[in-house]
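S.K.: Here you go, one structure.
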Amino acid sequence: MSQLPWIILSLVLLPCGWFAAAWHYQRRLHATQLQLHAARQTAAEHAQTARWQIGQLQAELAARPPMPPEERERRAAAAMAAEVRDADTGLPRPGSDYAETALLHDGFPQTMMIRPPARR
């Protein structure tokens with residue numbers, strides 16, 4: 001006879017606990033869905049802004065007059081002259097716009113271990 005109150009109590013508390021957990025996790029799920037919706041909306045706004053900016057730049061480029069061939073050739077020659085590099089090493093050649101750099105034979109200094117002080 002002493003087990004009957006415990007059985008009734010467990011039969012009452014079990015559904016109450018289940019409904020409380022369902023309510024709690026439903027609220028968390030709803031909050032997560034709202035955050036996801038806000039993130040998607042922000043991403044869509046960023047994409048729309050980028051599309052608008054690209055369209056604006058394309059319109060500006062279309063409105064510009066074409067560059068004369070002489071100017072195009074002059075700029076290409078200037079770019080080629082600025083890019084004077086050694087084919088083997090990829091480093092700037094002497095006589096270019098860069099100053100020569102002295103390379104040390106050992107490169108970096110030796111690595112030294114620094115041990116933390118002993119605990120007392």
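The values are calculated or read from the model by the stated rules, or taken from the named source; none is laboratory data. Here the structure is a predicted model, which means the values were calculated and not measured. When we count neighbours, we look across all protein chains shown, and the Cβ atoms used for this are built from the backbone with ideal geometry, even at glycine.
S.K.: On the given criteria, is Ala39 surrounded by 10 or more Cβ atoms within 10 Å (Cβ to Cβ), at pLDDT 80 or above, assigned to a helix (DSSP H, G or I) and of a type in the set (A, V, I, L, M)?
M.R.: yes
S.K.: Tell me, please, whether a residue that is surrounded by 10 or more Cβ atoms within 10 Å (Cβ to Cβ), aromatic (Phe, Trp, Tyr) and either part of a helix (DSSP H, G or I) or more than 40 Å from the chain's Cα centre (by Cα) (or both) can be found in region 3-10.
M.R.: No - not one qualifying residue is present in region 3-10.
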